[in-house]
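Encoded as structure tokens, the structure appears first; notes follow it.
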Amino acid sequence: MTLTSKQVRHLRSLAHHIKPVVLVGGRGVTPQVVEKVKEELDNHELIKVKHASDDRDERRGDLELLATETGAALVQTIGRTGVLYKARKKDPEIRLPKA
């Protein structure tokens, strides 16, 4: 899923006040983590994921893997936290601005 810069800015502003709902621990991205992320994306559409690793490249790679595995867009990464977005198939709440 590709987003325009205008859409990314909109999602970043919406994500500013939310708390992380998924934690990627020392084992990295496991099937259980992928399922939890899918569940939370279906519930909320826009979520924050916190990563426990100290390695920046590992965190970025794991967040990109989560986005790929779930069909979501990686909106941003800040430190140990990433923001993922995936519109619901039924009754999406978040309306993205037009390109």
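The values are calculated or read from the model by the stated rules, or taken from the named source; none is laboratory data. Keep in mind that what you see is a predicted model, and the values were worked out from it rather than measured. Cβ coordinates were reconstructed from backbone atoms using ideal geometry, including for glycine residues, and neighbour counts include every protein chain displayed.
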>> Which of the numbered conditions does ALA67 fail, given that it passes all the others? Conditions: (1) in contact with a His (Cβ under 9 Å, 6 or more places away or on another chain); (2) within 22 Å of LYS6 (Cβ to Cβ).
In response: (1)
> Is there a residue being within 10 Å of the chain's Cα centre (by Cα) and not acidic (Asp, Glu) anywhere in the stretch 87-99?
Replying inline: no
> Given the stretch 1-72, what helices (runs of 4 or more DSSP H) lie entirely inside it while holding 2 or more residues that are modelled with pLDDT of 95 or more, of a type in the set (S, T, N, Q) and closer than 20 Å to LYS89 by Cβ?
Replying inline: 56-70
> Is there any pair linking a residue in the stretch 48-59 that is farther than 14 Å from THR30 by Cβ to one that is among the aliphatic types (A, V, I, L, M) and surrounded by fewer than 20 Cβ atoms within 10 Å (Cβ to Cβ), with Cβ under 6 Å and at least six apart or on different chains, and which?
Replying inline: LYS48/ILE18; LYS50/LEU23
> Condition test on LYS86, is it over 20 Å from HIS17 (Cα atoms) and either touching a residue at least 12 places away in the same chain (Cβ under 8 Å) or touching a Cys at 6+ places or on another chain (Cβ under 9 Å) (or both)?
Replying inline: no
> Among the residues of the stretch 40-48, is any in contact with a Pro (Cβ under 9 Å, 6 or more places away or on another chain) and farther than 20 Å from PRO97 by Cα?
Replying inline: yes
